[in-house]
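**Student:** My questions will all concern the structure given below.
Just so you know, all these numbers are worked out from the coordinates, no wet-lab data involved. Bear in mind that the values here come from a model prediction, so they are computed numbers and not experimental data. For neighbour counting, all protein chains shown are included, and Cβ atoms are generated from backbone atoms with ideal geometry for every residue, glycine included.
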Amino acid sequence: MNMQDVFDSVVKVSRAKTLSDSDQMLLGGLIEAFEKIVAHRDEDRDEPIVRFDFGYMFPTSLDSWRGSYDELALDYTHEGEELTATKFLELLKSAVGKNFTGYKGGGFTMSEATPVWVSNYGEGCNTAVIGIIDEGWQVILATGYREF
């Protein structure tokens, strides 16, 4: 085993420990929550939109997170068309098993056990998705600062 493999192994074990003590949501947990929301929504109402809990922002797409390329980032904006809960669920599901390119290269495959951050392409801020608030007409992605 070369030194890089040893280092990667140590980091992986440390990260798993940090996540076990964290409220940060994983991709699989987000998918499960949105599957329930979509399945139980009121058919007589418009489908809920998805927003963050800050500054009228909403998710747009997914990238490899610059803080650690093997983790996932939700890109965001406050302009354009907001995603519905169904479209957001489709976006999340499309990431499972998908290979993302890191900011400085390399391929990283995401799984249901991948942590989810809120960070635009090329940024490595420590804003994590930590919960979901279903208000019926909108679904809020609750966020918080979390150490890596």
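**Student:** Please build a GNM for the chain, connecting alpha carbons under 10 Å apart, and tell me which residue among ALA95, ALA16, ALA33 fluctuates the most.
**Tutor:** ALA16
**Student:** How would MET3, MET57, MET25 line up from fewest to most surrounding beta-carbon atoms within 10 angstrom?
**Tutor:** With the fewest neighbours first, MET3, MET57, MET25 line up as MET3, MET57, MET25.
**Student:** Counting Lys +1, Arg +1, Asp -1, Glu -1, what net charge surrounds GLY106 among other residues with beta carbon under 14 Å of its beta carbon?
**Tutor:** -2
**Student:** Using 1/(1 + (r/R0)^6) with R0 = 41 angstrom and r between the beta carbons of ASP8 and ASP44, what's the FRET efficiency to the nearest 0.05?
**Tutor:** Values: r = 51 Å, r/R0 = 1.25.
With R0 = 41 Å, the Cβ-Cβ based efficiency is 0.20.
**Student:** Additional query: Could you work out which residue, out of GLY136, GLY28, GLY102, moves most in a Gaussian network model of the chain, that is, has the largest mean-square fluctuation with Cα springs under 10 Å?
**Tutor:** Judging by the Gaussian network model, the answer is GLY136.
**Student:** Specify the angular offset, from 0 to 90 degrees and rounded to the nearest 10, of the alpha carbon long axis of helix 3-20 from the longest principal axis of the alpha carbons in the chain.
**Tutor:** The answer is roughly 40 degrees.
**Student:** OK, next. Sort VAL38, VAL129, VAL11 so that the residue with the fewest other Cβ atoms within 10 Å of its own Cβ comes first and the one with the most comes last.
**Tutor:** With the sparsest Cβ surroundings first, the list reads VAL11, VAL38, VAL129.
**Student:** Run the reach check for LYS17 against lysines, Cα to Cα strictly under 23 Å, same-chain hits fewer than 8 apart removed. What comes back?
**Tutor:** Partners found: none.
**Student:** While we're looking at this one, here's another question. What full-extension length gain, to one decimal in nm, is calculated for TYR103 and ASP134 as 0.36 nm per residue of separation minus the Cα-Cα distance?
**Tutor:** Working it through step by step, the gained length comes to 7.9 nm.
**Student:** Just how large is the dipole of the chain about the Cα centre, in debye to the nearest 20, putting +1 at every Lys and Arg Cβ and -1 at every Asp and Glu Cβ?
**Tutor:** Here the chain has a charge dipole of around 600 debye.
**Student:** Give me D for region 67-142 in µm² s⁻¹, whole number, from Stokes-Einstein with Rh from the Kirkwood sum over alpha-carbon pairs, 37 °C and 0.692 mPa s.
**Tutor:** D = 242 µm²/s.
**Student:** Ranked by Cβ crowding within 10 angstrom, fewest neighbours first, how are ARG51, ARG45, ARG15 ordered?
**Tutor:** ARG45, ARG15, ARG51
**Student:** Rounded to the nearest 0.05, what FRET efficiency do LYS87 and ASP21 give with R0 = 30 Å and r taken as the Cβ-Cβ distance? Could you check?
**Tutor:** Efficiency, rounded to the nearest 0.05: 0.40.
**Student:** OK, next. Determine the alpha carbon to alpha carbon distance for each of LYS36/LYS93; LYS12/LYS36; LYS12/LYS104; LYS36/LYS87 and list only those over 23 Å. Walk me through the numbers on the way to the answer.
**Tutor:** Working: LYS36/LYS93 14 Å; LYS12/LYS36 31 Å; LYS12/LYS104 20 Å; LYS36/LYS87 14 Å.
Where the Cα-Cα span goes over 23 Å, the pairs concerned are LYS12/LYS36.
**Student:** Helix 27-39: angle to the longest alpha-carbon principal axis of the chain, degrees 0 to 90, nearest 10?
**Tutor:** Compared with the principal axis, the helix lies near 10 degrees.
**Student:** Name the GluC sites (Glu not before Pro) in region 1-90 that are in a loop by DSSP and that have at most 12 other C-beta atoms within 10 Å, would you?
**Tutor:** Answer in residue order: GLU43, GLU79, GLU81.
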